[in-house]
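The structure's right below; bear with me while I get my questions together.
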Amino acid sequence: MMKNTMDAVDSAQAARPLSALNWTIPAVLRAQADACFRRTNWEAVCETASRVNGGQPCQALPDCTSGGSNLARLLEFRDGTRWVARI
């Protein structure tokens, strides 16, 4: 069973533009990452993140990456704060 966790991005990382993240998914992991991405209920992830962050509305950004057993996708709150959802 996969464990869903959310990790806050530290302020130095959050200040970097998204293009500086260099998030690419190696070809060998692409099929596994795509399947995980499709199975994940991103709306529920955002609802949970919003609840944990004091009810602040959240959206999942298109940027994501995969490595080993995890898929990571950026979440952004209305105030500009970004978290990483690790699935």
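The values are calculated or read from the model by the stated rules, or taken from the named source; none is laboratory data. What you see is a predicted model; the values in this text were computed from it and never measured. Cβ: placed from backbone, ideal geometry, glycine included. Neighbour counts: every protein chain shown.
Could you please find all residues in the stretch 67-87 being touching a strand residue (DSSP E or B) at 6+ places or on another chain (Cβ under 9 Å) and without any contact (Cβ under 8 Å) to a residue 40 or more places away in the chain? Walk me through it before giving the result.
From the stretch 67-87, those touching a strand residue (DSSP E or B) at 6+ places or on another chain (Cβ under 9 Å) are 70-78, 81-87; that's our starting set.
Within the stretch 67-87, 70, 71, 73, 76, 77, 78 meet the criteria.
I've got another one for you. Any residue at all in the stretch 21-35 that is among the aromatic types (Phe, Trp, Tyr), closer than 12 Å to residue 85 by Cβ and touching a strand residue (DSSP E or B) at 6+ places or on another chain (Cβ under 6 Å)? Steps first, please.
In the first step, residues of the stretch 21-35 are kept if they are among the aromatic types (Phe, Trp, Tyr); the result is 23.
Subset that is closer than 12 Å to residue 85 by Cβ: none.
Within the stretch 21-35 (the criterion being among the aromatic types (Phe, Trp, Tyr), closer than 12 Å to residue 85 by Cβ and touching a strand residue (DSSP E or B) at 6+ places or on another chain (Cβ under 6 Å)), the answer is no, since none of the residues qualifies.
Continuing with this model, one more query. Tell me, which helices (runs of 4 or more DSSP H) wholly within the chain include 2 or more residues that are modelled with pLDDT of 80 or more and not hydrophobic (A, V, I, L, M, F, W, C)? Full working, then the answer.
On the way: elements: 11-15, 30-39, 42-52.
Here the list reads 30-39, 42-52.
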